[in-house]
1. Got the relative contact order for the chain handy, in percent, Cα pairs under 8 Å and 6 or more residues apart?
2. Explain nothing, just the number: dipole magnitude of the chain about its Cα centre with +1 on each Lys and Arg Cβ and -1 on each Asp and Glu Cβ, in debye rounded to the nearest 20.
3. Please identify the DSSP H helices in the chain that span no less than 15 Å along the helix axis (Cα) and have a mean Kyte-Doolittle hydropathy of -0.5 or more.
4. Within the accessible area of the chain, what % is carbon and sulfur when the probe is 1.4 Å and the other protein chains stay in place?
5. If you only keep lysine pairs separated by 8 or more in sequence, or across chains, how many in the chain come under 29 Å at the Cα atoms?
6. Over the Cα atoms of the chain, what radius of gyration and what Dmax do you get, in Å?
7. Which one, Leu125, Gly30, Leu86, is farthest towards the positive end of the dipole of the chain when Lys and Arg carry +1 and Asp and Glu -1 on their Cβ?
8. Send over a whole-number figure in Å² for the accessible area per residue of the chain, probe 1.4 Å.
Amino acid sequence: MRYAQGGGLTDAGRAARERVRLQAVERFEGGQKNREIAAAPRVSERSVERWRRQWRERGEAGVRSKGSPGRPRLSDAQIARLERELERGPLVHGWADQRWTLARIKTLIGRLFHVSYTVEGTWLLLKRHGWSWQQPARRAIERDDAAVEVWKKETWPRV
């Protein structure tokens with residue numbers, strides 16, 4: 001079965017596929033052949049062979065859905081701990097400045113929970129839990145506009 005771009009099955013689609021597999025189990029128990037089982041729900045014989053093998057090895061549990069492949073790898077308690085650690089700031093965790101980057105948060109998750117995320121996965125995790133990227137609302141007090149202009153005139157052309 002081919003899925004739409006970025007697709008996969010929704011929870012409803014996964015439940016429908018599981019119903020088809022469980023109906024196949026009933027037919028396995030009734031002694032029907034793979035070709036007969038595959039014809040009714042219009043699935044391939046190869047799929048029915050795979051389901052039958054899983055059914056023989058592990059029973060009905062072998063053909064049940066394993067759930068969404070994108071399920072979260074951190075528990076609610078771990079998310080709460082991560083939020084507390086993020087609020088403590090990067091300095092506490094050994095970084096030289098007060099900027100949280102996705103790469104730093106990814107590293108922190110690995111250190112705290114021994115779970116590996118990609119940078120993109122880290123962003124999705126944070127977004128799912130209400131975190132967002134930030135940018136300063138105003139310029140820093142320490143900013144020296146005259147020094148910036150000198151830098152632009154002297155250094156920028158060489159870069």
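1. Relative contact order of the chain: 12 percent.
2. Details: 34 positive and 20 negative charges, 144 e Å.
So the dipole magnitude of the chain works out to roughly 700 debye.
3. Helix filter hits for the chain: 102-113.
4. Values: 6150 of 12180 Å².
Carbon-and-sulfur percentage of accessible area, whole number: 50.
5. Final tally of qualifying lysine pairs is 4.
6. That works out to 26.7, 86 Å for Rg and Dmax.
7. Farthest towards the positive pole: Gly30.
8. About 77 Å² of surface per residue is accessible.
The values are calculated or read from the model by the stated rules, or taken from the named source; none is laboratory data. Since the structure is predicted, the reported quantities are computational estimates derived from the model, not experimental observations. Positions of Cβ are generated from backbone atoms using ideal geometry, with glycine treated the same way; all protein chains shown enter the neighbour counts. Surface accessibility is based on the protein's heavy atoms, side chains included, excluding ligands, DNA and RNA. Shrake-Rupley method; radii C 1.70, N 1.55, O 1.52, S 1.80 Å.
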